[in-house]
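Right, one structure below, let's go through it.
The values are calculated or read from the model by the stated rules, or taken from the named source; none is laboratory data. Values in this document were obtained by computation on a predicted structure and should not be read as measured data. Heads up, the Cβs are rebuilt from the backbone with ideal geometry, glycines too, and the neighbour counts pull from every protein chain shown. SASA here: full protein model, heavy atoms, side chains in, ligands and nucleic acids out. Shrake-Rupley method; radii C 1.70, N 1.55, O 1.52, S 1.80 Å.
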Amino acid sequence: EKDGYDTFMMKEIHQQPSVVADTLRGRIDDNGHITLDEVRLSEQDFRDIDKVFIVACGTSYHAGLVTKYALEHWTRLPCEVELASEFRYRDPVLDRSTLVIAISQSGETMDTLMALRHARTQKARVLSISNTVGSTIPRESDAVLYTRAGIEVSVASTKAFLTQLAACYLVALHIAQMRGVMYADEVADVVASLTAMPDKIQEVLDGSDQITELAAQMATSHRVLFIGRHVGYPVALEGALKLKEIAYIEAEGFAAGELKHGPISLIETGTPVIAMVPSPAGRSLLHDKMISNMQEVKARGARLIAIAEEGDDVTAAHADHTIYVPKSPTLLAPLLTTVPLQRLAVEYAGALGNDIDQPRNLAKSVTVE
Ligand code: F6R
């Protein structure tokens with residue numbers, strides 16, 4: 001049942017091109033418009049929204065963080081992302097014009113469920129993004145969009161994350177379309193890029209064998225840092241979480257701009273730093289900033305591994321090792337840049353001899369608060 005892979009996690013990583021395609025299937029019409037009829041919120045409901053909260057835990061929270069960049073850019077609605085366990089126990093400002101998006105693979109995470117229930121008592125509308133049909137979170141929501149990743153066996157989440165991103169992009173574009181803030185051809189452009197992503201994810205997987213050797217070299221480090229900006233920041237957090245979960249390494253993700261405000265003191269000679277480098281096209285300002293952050297860590301002795309876009313020679317000239325991913329629009333890039341980090345965690349944990357599918361102290365579904 002592992003289809004020839006050593007672990008479920010590797011199998012699930014390799015299923016990502018097909019499950020992301022499944023998430024998109026039937027939800028885009030021939031004109032490149034989003035058709036989420038299953039999401040039972042009307043055009044008027046979407047027009048009435050004046051702010052969005054995303055609540056989730058762990059990896060699903062990271063999907064929420066990526067979504068914030070896309071949702072604000074496309075819909076122009078203010079969006080906040082919060083850990084479900086924190087959201088519930090403060091006094092968030094919610095009312096009937098608030099949309100709360102709850103993201104949960106299992107649909108049973110107690111923290112997320114309690115956040116959702118709180119939101120509903122405050123009259124907010126709740127849309128859930130889940131992988132589990134008929135689970136509690138979708139049942140208690142006003143509307144649901146299923147991610148269709150199939151059962152995820154590995155405790156460390158991989159394919160569920162990529163499908164959450166794809167589902168969240170659809171929701172954000174749907175809201176933009178419903179509210180009339182994006183022209184039809186603008187939506188169609190993004191949709192065309194989105195539907196091209198499964199093949200690009202496959203390209204990343206086909207080229208990721210180099211990671212085995214890289215992980216073997218790194219597996220002597222007790223600490224690994226991940227840095228990123230913009231959508232690369234949540235991807236850095238997700239890469240660090242994967243490494244913590246299965247390799248039991250002190251792995252931290254930082255917004256690259258924050259390094260100089262503290263974390264840079266963690267860098268010793270040889271500390272691996274993995275940099276998520278934005279595309280040099282379009283947002284070249286971000287790219288320039290990232291290059292200076294890379295220089296800062298290099299100067300402190302870091303061993304610098306860059307995840308960069310194909311053809312980005314500037315990055316390659318600064319890094320000790322560069323892993324390329326295909327070109328894509330900046331907001332969609334996490335569908336690609338996460339994949340080498342998932343592979344890295346598997347290889348790293350494998351080199352340490354850890355149980356990859358069943359990491360210590362962790363459960364697949366966390367049904368206690
Ligand atoms: C990480 C992981 C956890 C879950 C978190 C939320 O690999 O699996 O961090 O993402 O427990 O779970 P769901 O999405 O089921 O609510």
For the stretch 110-139, list residues with backbone N below 12 Å from a point placed 7 Å from the Cα of Arg40 toward its Cβ? 139
Full-extension gain between Asp189 and Asp48, please, as 0.36 nm times their residue separation minus the C-alpha to C-alpha distance. 48.2 nm
For a label point 7 Å from the Cα of Asp6 along Cα→C-beta, name the residues of the stretch 326-356 whose backbone N is under 20 Å from it. 339-356
Hypothetical label at Glu86: residues of the stretch 240-267 whose amide nitrogen lies under 19 Å (7 Å Cα-Cβ projection): 240-242, 251-259, 261-263
What do you reckon, how do Val81, Val273, Val314 stack up by accessible area (1.4 Å probe), largest on top? Val314, Val81, Val273
Round to the nearest 10 and report in Å² the accessible area of Ile201, as given by a 1.4 Å probe over the protein chains' heavy atoms. 0 Å²
Can you pull the one-decimal nm distance between simple spin-label points at Gln217 and Asp29, each 7 Å off the Cα toward Cβ? 5.2 nm
Accessible area per residue, Å², the stretch 208-259 with all protein chains present, probe 1.4 Å: 33 Å²
With a point put 7 Å past each Cα toward its Cβ, work out how far Asp199 is from Lys123 in nm, to one decimal. 5.0 nm
DSSP loop trypsin sites (Lys or Arg not before Pro) in the stretch 48-119 with at most 15 other Cβ atoms within 10 Å of their Cβ, which ones? Arg76, Arg90, Arg96
Over the stretch 134-192, with every protein chain in place, what whole percent of the accessible area is carbon and sulfur at 1.4 Å, could you tell me? 55 percent
Please list, in chain and number order, the residues 5+ apart from Val224 or on another chain whose amide H is under 5 Å from its amide H, with Hs placed from the backbone. Glu250, Ala251, Glu252
Add -39500 (n - 2.57) for each DSSP H run of 4 or more in the chain, then divide by its residues: what number comes out at 222 nm, to the nearest 500 deg cm²/dmol? -14000 deg cm²/dmol
Which peptide among 300-309, 335-344 comes first, and what is the full order, when sorted by highest mean count of other Cβ atoms within 10 Å? 335-344, 300-309
The distance between the Cα centres of the stretch 32-73 and the stretch 154-214, in whole Å, is 14 Å
Decide, for the stretch 1-117, between rounded, prolate and oblate: order the square roots of the alpha carbon gyration tensor eigenvalues as a ≥ b ≥ c, take rounded if a/c falls under 1.5, and otherwise choose prolate if a/b is larger than b/c, else oblate. oblate
Solvent-accessible area per residue for the stretch 146-197 at a 1.4 Å probe radius, Å²? 30 Å²
Run the 1.4 Å probe and let me know the accessible area of His261, rounded to the nearest 10 Å². 130 Å²
For the stretch 244-309, the accessible surface attributable to carbon and sulfur atoms (probe 1.4 angstrom, ligands and nucleic acids excluded) amounts in percent to 51 percent
List the residues whose amide H sits under 5 Å from the amide H of Phe53, counting only those 5 or more places along or on another chain, with H placed 1.01 Å from N in the peptide plane. Glu80, Leu99, Val100, Ile101
Mind scanning Lys11/Lys260; Lys200/Lys289; Lys68/Lys260; Lys51/Lys298; Lys200/Lys242; Lys200/Lys364 and naming the pairs with a C-alpha gap bigger than 30 Å? Lys11/Lys260; Lys51/Lys298
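I'd like the chymotrypsin sites (Phe, Trp or Tyr not before Pro) in the stretch 46-135 restricted to DSSP loop residues with at most 16 other Cβ atoms within 10 Å, sorted by number.
Tyr89
Roll a 1.4 Å probe over the protein chains and send me the accessible area per residue for the stretch 53-116 in Å².
35 Å²
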Rounded to whole Hz, the Karplus (6.51, -1.76, 1.60) HN-Hα couplings of the stretch 321-328, x for glycine and proline: 8, 10, 10, 8, 10, x, 5, 7
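Quote the FRET efficiency, to the nearest 0.05, computed for Ala316 versus Leu285 with a Förster distance R0 of 25 Å and r equal to the Cβ-Cβ distance.
0.80
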